[in-house]
Structure formats: structure tokens, C-alpha cells
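This report concerns only the one structure given below.
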Protein chains: 2
Amino acid sequence: MTALYDVAALGNAIVDVIAPAADQFLVDEHLAKGSMMLIDEARAVELYGRMAPGIEASGGSAGNTVAGVASFGGRAAYVGKVGQDQLGDVFDHDITAIGVHFSGGRLVGGPGTGRSLINVTPDGQRTMCTYLGAANQLIPADVDAKVIEAASIVYLEGYLFDPEDARRAFAKAAGLAHGAGRRIALTLSDAFVVERHRESLLEFIDTQVDIVFANAAEIGSLFQTDDFDAAVQAIRGRAKIAAITRSEHGSVIVAGETLHEVQAARVEKVVDTTGAGDQYAAGFLFGLAQGRPLDVCGRLGSLAAAEVISHYGPRPQVSLRDLAAASGL
Amino acid sequence: MTALYDVAALGNAIVDVIAPAADQFLVDEHLAKGSMMLIDEARAVELYGRMAPGIEASGGSAGNTVAGVASFGGRAAYVGKVGQDQLGDVFDHDITAIGVHFSGGRLVGGPGTGRSLINVTPDGQRTMCTYLGAANQLIPADVDAKVIEAASIVYLEGYLFDPEDARRAFAKAAGLAHGAGRRIALTLSDAFVVERHRESLLEFIDTQVDIVFANAAEIGSLFQTDDFDAAVQAIRGRAKIAAITRSEHGSVIVAGETLHEVQAARVEKVVDTTGAGDQYAAGFLFGLAQGRPLDVCGRLGSLAAAEVISHYGPRPQVSLRDLAAASGL
């Protein structure tokens, strides 16, 4: 059956609150630069109270990725959960406005829409403190078989490995996808997620995952090694395709016996690295769903990542389709 | 008595929802480019549903102005009203985080925080549709005498001439300010505001206002003329100081017998003109409160306006104090 969607993604539906911060602010707040840490509502209120004025923009790792896929001209669906509140309206609006089918929906009577407090230091690095709120309440019943079965690739956000119910939603999505002859992609999301769930993640990858996305820290954490090449060799036999990003050093793509090294695309000035990995995945997944060669998929990923780090905010501000055309991709 | 604040402002407390739009979108929605139009909640929901994905950022004309004053290193207070909701939290956070004293407060049990749906066309022009919500409910009791009497200049946003209660709040603020030997500044805000309230505005200017801010369209509307020079002559006798902005042609400042022409500051690329007039007022008022000559006040205004139109969002993204120092002001 022809796929209605290039990509359907399951993720934490989050609105980002993005503000500039001095390095000293991170020190004072005991935040490790570049990390993502989960916080509760009380800490969110306290930290927000000390942050600089910011802007609010729809985010969430997989949400950013489907926004990127849509910007490339791809068709996408998103499964996630927001609260019955203004930030939920914002998330719903933004993802719908770019033509992404929003599935999953609203949590009634529970916590509000999840938000990520993102402090961006002058070097462009983002340090994220995320209050998950409603996002964390994704359950198997939120996964619509019609959406999953209609997607060429089903993309799962590793952050959702924390709550038990969401992991069951992943299992349901994986079963439905493979039953319909579709592929499953997984991003490891964060080195600490990998640390918390190493064994389950490896088992899930071995049994369910066709395409793995990770950065160097995450793949190192998965195989408990600081040796990048060793980690790349280790993932080789376990997933059909693995795309490992290395910030300004580009990415490495392994698939069976083949290995591609892809350079990072040039960036005039790095403003805010929020969403770099998400947009890399967007370009890669879009290319893959369109049947492009793996090295081209990697270059589409680099292109999208370079666009998003050149401005504040985690989603593309120009048409990635036009950008790809201008780059001869 | 030494003033605790350089500027205290009364305005519509608004959160901006800023999204890119094609020129055709304005045609389809019957929106006049560059205008500000008031809309009700139903129209806001409908229009938002058709807009592109956006970012949310605290705005409101006078709110932007005090944010600019604070960015210059000035001390400011803001009197306005938001709802008991997430956008109210955002407005409160953002203005407090820059060191502005937020007075006025929260409307309980009424409409939500006001928002302005801003469509930015590729030429950088902004077309605003504003749902005032709670902002519109400012009443005299919200005006704290201690705040008004402690400000060197009290700045009033012409948009608040529409609701009767807010106009009474203006009268109270003007009375308190003059009683304490302070100065009153008024921005005409919008040509349609002037159209609706021409006689009352002229009477208010004649009896209460020391400093008038307007753009060419607004001052033309006030005196019902298309002749810019005639309008400038007409305001001369009625306010001690008038600062009239003319977009890329800079501004004209008249005070008694003196007239200064001030050039616009150079801008690499105009991205979004939202907040240009507000930031001009910020630079001008900061300069005036610091006792700088009128032409320097105008140049500080031009500098702040140039910064804000070079990016999305209505408030400065860099320190205007540093920018002024770098420009030798």
C-alpha cells in the first residue's frame, strides 16, 4: 500500500521557552551546559522566575523533526499529548499550520502542556530544563492504527522511554508498523536516557528498530565507551541503518558493510543549537522515505541542521525544500 | 524629589503571536498591510487557525517601550492588565525579568490575556489584528499613585483612549504626575485611534500632555491633512515637545521655535518592523529623562528602532546601552 505519510512520529509535545543566558547563570543554577534535564513543576516556576525574557515556540524533539519533514515538502503525522490550555493551543496550531496531521490530543483534568526552559549561552549552546506535564501521559490508546500503518517510517523519540505507558505505546506502534511492512526509526534523544534504560533500549533496537539516530555522547553511553569508532562498530550489527551525528564534524552513517562520512553544512554564525539533531533526523528521514541514497540522506540532514542553528527557535524558518533545491539536492 | 523611575507607562498588556505571511494572505483575509485592527475573540480564533506557525513574545506598545528603556539602562515601571492564564504569566515574567516594575496586575474571572496576531510579509511590514481581552479592562484603581509620582516621565499609550475606564485612568495618572511636577508623554498609537477620538485627543494634548509621539499618518489624521509640514506646524503650539517619526526617513522633533531633523539609523536588512515606533519612543524618553539634548534623544530613538526591525519580535535582543555606547551616544 502506498504510504500516506513519509513519517509518523511519537514524541513529547513541548512548548519551548527560549531565553539568552550568561555562562554564570548556568553555574549559579547548577546546570550542565548542553544537557537536557527533567524538572518538576515547582522547579520550573522557580527557574522561569530567574530566567531572562524569552520567546515561546513549539518544540519537542520529534515535533521539530516532523516540522522539518513538512518543510522539505514531505507528509507527516505526529502523535503526542498536550494540556487543555493556551500552550496546548499553540502547539496544536503550529504543527497543524505546517500541514502535519496532529494525533493523540488533549489531556483533560491533568497537568498542563509540557514546556522546556531553554537557556542559550553566547556560544549558541542550549541547556534545557524540561517540565513534561501532559506530554508524559501518552498511552497506547493515543496511538491510532490508521496513522501508524499509513506512514513509510514511524519515528520514536527516546525521551518517551521513561514512562511505562509511553513505552507500551512504542511497542504498539512498532507492532502495527511492522505488521504493515513499515520501518521503525528511533532516536536515543539524550545520553542520560540511554544511561537509565540501556538494556531495554538495546533489546528494543535488536528486535524492533530499523534506523537508529544518535549523537556521539548517546552512542557512547549505549555501549559504555568513549571510543567513537568502537561505538560505531558496535551499532553496526544491531540496526540496519545508524546515523550518528558529531556536531560540527558532521555525521557517520553505517548500514551493513557500508559507511558514509558526511560533512556538516557551513553556518555563518551559530545562534542557538536547539533542534540541530531533530532537524538532522528530519532531512535524513525525508530522504529515506523518498528512496534517496544514504549519503544524500545525510547531506539533507546536515542542510536542515545548519539552517536551524543559525537562528533562535527549534524549527526551520525558511523552506527546506527551497534550500535543498538551491544546494543541488 | 528624585525620580525613582525614568519612565512609568500605561498601556495595553499584550502577547504577540508573530508569523510570516504572504502578501496574498493579507488580501484573502481583507487586511490592510501595516495596519492595526481590533478583533473579537471569535475572529481571533478563526484568523489564528489560518496563520502560519509562529512564535509568541511579550509585546504591547508601551510594554515594548519600557523594555527598551530598561535595555538602555533606564529604570521603568509598567501599568497594565493581563488575565489569569499562561500568556499572562509570560507577560508578567518577561517584563519583570528585565527589571521593570509590573503594576496593575491580573484580571480574575474575565477575558484572558490580550494577544495580537501579527502577520509579517516578506517586505518586513507587520499587519496586526489585536484581541484586547483583559488589557482593555484597565481602570483608575489600577493606577498606583506611588508609581506615577515616582516617575520622571509618565508615558500613555493612545490605544487606551478607546475604553472609557482606561481614559479615566489616564486622567488620574496625568493629575498625579503633574501634581508631583512630572511630565506626561502620549503616543497617538494609530491613525484610526486618532480618527475615532480626534477632539478628545486634541483637548487632552492641550491640557495635559508635554510630549507627543506620532508617525506621519497619525499626525496627519490628527490635523486632517496630508501635508506633513503643515501637520508639524500645527502640533508646534500644542505640545512642548513633539517627535514625529517617518519610517526610513527618520524623525522630526519640534519644541517651541526649534526643529531637529534626525536621520534613521542604518539597518542591514529589515526583518520585521513590529515595535519600531515603540523603540523610537524608548530611546527618546530615556534620553529626555537623562537630560540629554533633543537631537540626541532622537538619535537614541533611531538607534533603538533600527535594532528592533532587524529581527523578529518587538523588544530589543541586545543591550541598547552597549549599542548606544558603541555609537558614541
Legend entry - Within segment A:291-318, considering residues that are in contact (Cβ under 8 Å) with a residue 60 or more places away in the chain and touching a Ser or Thr at 6+ places or on another chain (Cβ under 6 Å), the one farthest from B:Ala21 (Cα to Cα): A:Ile309
Inset, instruction - State whether one or more residues within segment A:285-297 are under 22 Å from A:Gly124 (Cβ atoms) and in contact with a helix residue (DSSP H, G or I) (Cβ under 8 Å, 6 or more places away or on another chain). - result: no
Inset, instruction - For segment B:308-329, enumerate the residues that are of a type in the set (Val, Ile, Thr), within 14 Å of chain A (Cβ to nearest Cβ) and assigned to a loop (DSSP other than H, G, I, E, B). - result: B:Val318
Inset, instruction - Looking only at segment A:295-307, decide whether some residue is outside any helix (DSSP H, G or I) and at pLDDT 95 or above. - result: no
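For segment B:61-73, how many residues meet the condition of being more than 25 Å from B:Ala217 (Cβ to Cβ) and either crowded, with 17+ Cβ neighbours inside 10 Å or within 12 Å of chain A (Cβ to nearest Cβ) (or both)? Reasoning before the result, please.
Step one: list which residues in segment B:61-73 are more than 25 Å from B:Ala217 (Cβ to Cβ), which gives B:70-73.
From what is left, the residues that are either crowded, with 17+ Cβ neighbours inside 10 Å or within 12 Å of chain A (Cβ to nearest Cβ) (or both) are B:70-72.
Qualifying residue count for the region: 3.
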Inset, instruction - Would you check which residues across segment B:30-60 are over 21 Å from B:Lys81 (Cβ atoms), within 14 Å of another protein chain (Cβ to nearest Cβ), part of a loop (DSSP other than H, G, I, E, B) and not hydrophobic (A, V, I, L, M, F, W, C) and list them? - result: B:Pro53, B:Gly54
Legend entry - Candidate set from segment A:75-85 (those that are buried (at least 24 other Cβ atoms within 10 Å of the Cβ) and touching an Asp or Glu at 6+ places or on another chain (Cβ under 9 Å)); member that is farthest from A:Gly114 (Cα to Cα): A:Ala76
Inset, instruction - Return yes or no: is B:Leu288 more than 14 Å from every other protein chain (Cβ to nearest Cβ), modelled with pLDDT of 95 or more and in contact with a His (Cβ under 6 Å, 6 or more places away or on another chain)? - result: no
Inset, instruction - Go through segment A:86-117 and count every residue that is in a strand (DSSP E or B) and either at the interface with another protein chain (Cβ under 7 Å from one of its Cβ atoms) or on the phi > 0 side of the Ramachandran plot (or both). - result: 2
Inset, instruction - For B:Phe170, indicate whether it is farther than 20 Å from B:Gly298 by Cβ and of a type in the set (Phe, Trp, Tyr). - result: yes
Legend entry - segment A:278-289 residues that are free of Cβ contacts under 8 Å to residues at least 24 places away in the same chain, paired with ones that are part of a helix (DSSP H, G or I) and not basic (Lys, Arg) (beta carbon under 9 Å, 6 or more apart): A:Gly287/A:Leu294; A:Gly287/A:Val296; A:Gly287/A:Cys297; A:Gly287/A:Gly298; A:Gly287/A:Leu300; A:Gly287/A:Gly301
Legend entry - Odd one out for A:Gln24, checked against (1) farther than 24 Å from A:Tyr280 by Cβ; (2) in a helix (DSSP H, G or I); (3) under 23 Å from the mean Cα position of the chain (by Cα): (3)
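The values are calculated or read from the model by the stated rules, or taken from the named source; none is laboratory data. For clarity, every value in this text was computed on a predicted model and none was experimentally measured. Methodologically, a virtual Cβ is constructed for each residue, glycine included, from the backbone with ideal geometry; neighbour enumeration extends over all protein chains shown.
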